[in-house]
Amino acid sequence: MAWTVTYDLEEFRAAAGGFLRAHPARNTTLLTVVSSLTVAGSGRYGDEPPVYGWWTGEGGAVEGAFLCTPPYPPLLSALSGEAARTLARTLARDGGLKVTGVNAGRETAETFATAWGDLTGAVGTVEQTHRLYRLDALTPPDPAPPGRPRTATTADRDLLITWYEGFARETGALRDDVAAQVDDKLRHDGITVWELDGRPVACAGISRTIAGMARVSLVYTPPELRGRGYAGAATAAVSGAARAAGVREVLLFTDLDNPTSNALYQRLGYRPVEDHLLLSFIAAERIVPEQGHPS
């Protein structure tokens with residue numbers, strides 16, 4: 001049982017792709033990040049090269065995976081306790097990757113953080129707690145707000161960049177290039193706007209479909225237009241379109257500190273799957289010896 005670490009995306013896809021696709025809901029973020037890197041290249045999230053890895057179990061099958069796109073923290077699949085602790089030792093001893101935190105399901109994140117703290121002296125602090133939801137029976141808003149949905153086009157690009165910049169300021173998300181995020185979604189018709197009298201009033205994005213899964217994200221209404229049901233209508237529209245296109249698992253994440261959005265998505269028919277933690281590591285004092293470099 002061991003971790004294999006690489007800078008080669010195609011090697012990672014060949015080795016771990018089957019594992020990720022076998023559990024598309026639980027691996028939704030890993031799958032969508034890999035998809036974006038495949039389409040846009042290794043510089044999609046930053047200047048430093050991404051790092052990838054997979055855990056091979058006793059029988060030789062892949063049983064876990066991670067990737068890291070600096071400056072973001074490593075993103076981990078669900079891992080056994082042994083796999084999470086071994087990954088912490090592997091990354092600490094290597095020293096080539098600056099581990100600023102961890103993003104994973106709650107149990108895996110906590111196990112990795114504890115092991116990382118034991119190895120390096122770093123203390124993990126919770127930055128965000130997210131809940132993953134899966135669409136059950138879609139229940140659109142009734143009554144629906146005035147307006148209609150439509151697919152965003154390049155004519156909406158400037159407005160969407162302004163909106164996503166607002167989303168980034170309010171949520172602390174989208175630390176990468178906002179324009180690149182908009183362009184990436186426009187390339188696959190991945191943004192729906194809710195339009196009233198010819199004027200866009202809200203939007204909802206969706207990822208590319210991978211292994212029968214797509215994830216709704218970047219739901220936004222400008223502050224002056226909130227409280228009128230536009231975000232819920234846009235989310236219902238993009239969710240319904242995904243279902244109509246044959247997507248088996250329509251997912252989304254919410255910030256658990258936002259009761260309004262959690263209540264909204266549950267009214268639309270989304271049901272909880274699992275919680276994820278984004279942890280930051282601070283005050284690292286001890287570094288494990290035997291430093292090397294990923295192969």
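The values are calculated or read from the model by the stated rules, or taken from the named source; none is laboratory data. This one's a predicted model, so the numbers in the text were calculated from it and none came from an experiment. Virtual Cβ from ideal backbone geometry, glycine too; neighbours counted across all protein chains shown. Calculation scope for accessible area: heavy atoms of the full protein, side chains included, ligands and nucleic acids excluded. Shrake-Rupley method; radii C 1.70, N 1.55, O 1.52, S 1.80 Å.
Here are some notes:
- Residue in segment 86-96 that is over 16 Å from the mean Cα position of the chain (by Cα), within 18 Å of Ala14 (Cα to Cα) and surrounded by fewer than 22 Cβ atoms within 10 Å (Cβ to Cβ) present: no
- Restricted to segment 36-53, and to residues there that are in contact with a Lys or Arg (Cβ under 8 Å, 6 or more places away or on another chain) and surrounded by fewer than 17 Cβ atoms within 10 Å (Cβ to Cβ), the residue that is nearest to Leu87 (Cα to Cα) is Thr38.
- Residue satisfying condition, being of a type in the set (A, V, I, L, M), touching a residue at least 40 places away in the same chain (Cβ under 8 Å), open to solvent by 50 Å² or more (accessible area, probe 1.4 Å) and more than 26 Å from Ala88 (Cα to Cα), within set Ala233, Ala245, Ala241: Ala241
- Residue among Thr29, Thr4 that alone is of a type in the set (Val, Ile, Thr), under 20 Å from Gly96 (Cβ atoms) and open to solvent by 30 Å² or more (accessible area, probe 1.4 Å): Thr4
- Test: residue in segment 54-74 that is crowded, with 17+ Cβ neighbours inside 10 Å, of a type in the set (Ser, Thr, Tyr) and either touching a His at 6+ places or on another chain (Cβ under 6 Å) or not in a strand (DSSP E or B) (or both): yes
- Subset of segment 255-295 that is open to solvent by 60 Å² or more (accessible area, probe 1.4 Å) and assigned to a strand (DSSP E or B) - its residue that is modelled with the lowest pLDDT: Ile282
- The residue list Thr38, Thr90, Thr86, Thr4 contains one member that is touching a residue at least 12 places away in the same chain (Cβ under 8 Å), assigned to a strand (DSSP E or B) and of a type in the set (S, T, N, Q), which is Thr4.
- Restricting attention to segment 222-231, the residues being in contact with a strand residue (DSSP E or B) (Cβ under 7 Å, 6 or more places away or on another chain) and farther than 12 Å from Thr192 by Cα number 1.
- Residues of segment 163-177 satisfying the condition of being surrounded by 14 or more Cβ atoms within 10 Å (Cβ to Cβ), more than 15 Å from the chain's Cα centre (by Cα) and in a helix (DSSP H, G or I): Trp163, Tyr164, Glu165, Gly166, Phe167
- Evaluating Gly121 against the criteria (1) in contact with a Phe, Trp or Tyr (Cβ under 6 Å, 6 or more places away or on another chain); (2) at positive phi leaves one unmet condition, (1).
- Segment 215-230: number of residues that are within 17 Å of Thr151 (Cβ to Cβ), modelled with pLDDT of 95 or more and hydrophobic (A, V, I, L, M, F, W, C): 2
- Filtered residues of segment 72-85 (kept if within 20 Å of the chain's Cα centre (by Cα) and not polar (S, T, N, Q)): Tyr72, Pro73, Pro74, Leu75, Leu76, Ala78, Leu79, Ala84
To keep it simple, each residue is scored yes or no on (1) in a strand (DSSP E or B); (2) among the polar types (S, T, N, Q).
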{"site": "Val201", "(1), (2)": "yes, no"}
{"site": "Gly205", "(1), (2)": "yes, no"}
{"site": "Ser217", "(1), (2)": "yes, yes"}
{"site": "Arg228", "(1), (2)": "no, no"}
{"site": "Gly232", "(1), (2)": "no, no"}
{"site": "Ala237", "(1), (2)": "no, no"}
{"site": "Gly240", "(1), (2)": "no, no"}
{"site": "Arg243", "(1), (2)": "no, no"}
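- Close pairs (9 angstrom Cβ cut-off, 6 or more residues apart or separate chains): open to solvent by 10 Å² or more (accessible area, probe 1.4 Å) in segment 212-229, acidic (Asp, Glu) and outside any strand (DSSP E or B) anywhere: Tyr220/Glu170; Pro223/Glu170
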